[in-house]
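Here the structure comes first, spelled out in structure tokens, and everything after it is commentary.
The values are calculated or read from the model by the stated rules, or taken from the named source; none is laboratory data. All values reported here derive from a predicted model rather than from experimental measurement. All Cβ positions, even for glycine, are placed from backbone atoms using ideal geometry, and neighbour counts span all protein chains on display.
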């Protein structure tokens with residue numbers, strides 16, 4: 001049954017890919033930036049530098065398909081279909097990105113999933129690598145996919161709202177003997193050290209201390225505290 005489903009998806013992807021003949025070429029740089037921003041908090045994709053664990057690793061998901069000779073157009077079609085029709089019961093919302101944005105994300109994933117190496121040129125600077133101010137970093141790191149923060153224009157519901165983080169950081173930090181800055185920094189680099197009541201451990205990916213520079217973390221902390 002699983003093999004038949006995979007074959008059906010592959011055939012569907014071929015139809016989708018074929019129907020795009022003569023249309024615009026996907027923008028891989030934009031696709032990477034959108035993937036990191038909207039998808040990376042839940043999915044691992046090595047070339048994008050994302051470490052999400054809520055959803056499947058996209059490198060692992062397409063590793064066997066690559067070995068079997070599946071081409072990038074077919075993979076892009078499968079990804080595009082899954083964006084529009086996520087697995088029933090998953091936390092992934094349908095159509096997280098739409099239209100050309102979805103095509104760009106699917107094309108980038110198809111370009112790099114289960115492919116060794118590192119992005120080069122303009123692709124290397126897309127997403128987190130080129131982010132310098134706090135809002136940029138928050139968006140590029142994909143935080144908005146899980147957290148609501150009005151100042152960043154995000155409305156994620158998987159994690160707690162960050163609209164009142166300054167007050168929460170004072171309250172929870174005081175209880176732990178930490179300043180608000182220390183509390184927020186620890187929440188970024190060690191997300192399971194303290195979990196807000198009502199939310200589960202293990203949802204927020206770890207590793208931001210490796211994905212972000214010290215300067216980026218400093219800027220993100222200041223932004224989150226409204227400074």
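The residue list 80, 116, 87, 67 contains one member that is exposed (fewer than 13 other Cβ atoms within 10 Å of the Cβ) and touching a helix residue (DSSP H, G or I) at 6+ places or on another chain (Cβ under 9 Å), which is 116. Among the candidates 202, 207, single out the residue that is at positive phi, touching a strand residue (DSSP E or B) at 6+ places or on another chain (Cβ under 7 Å) and not assigned by TED's automatic domain parsing to the domain that holds residue 42. The match here is 207. Across region 190-206, the qualifying residues are those that are under 19 Å from the mean Cα position of the chain (by Cα) and surrounded by 15 or more Cβ atoms within 10 Å (Cβ to Cβ), and the one among them that is modelled with the highest pLDDT is 191. For region 18-32, the criterion of a residue being modelled with pLDDT under 85, part of a helix (DSSP H, G or I) and on the phi < 0 side of the Ramachandran plot is satisfied by at least one position. Being part of a helix (DSSP H, G or I), more than 23 Å from residue 92 (Cβ to Cβ) and not assigned by TED's automatic domain parsing to the domain that holds residue 43 is true for just one of 193, 219. Which residue is that? Every option except 219 fails the conditions.
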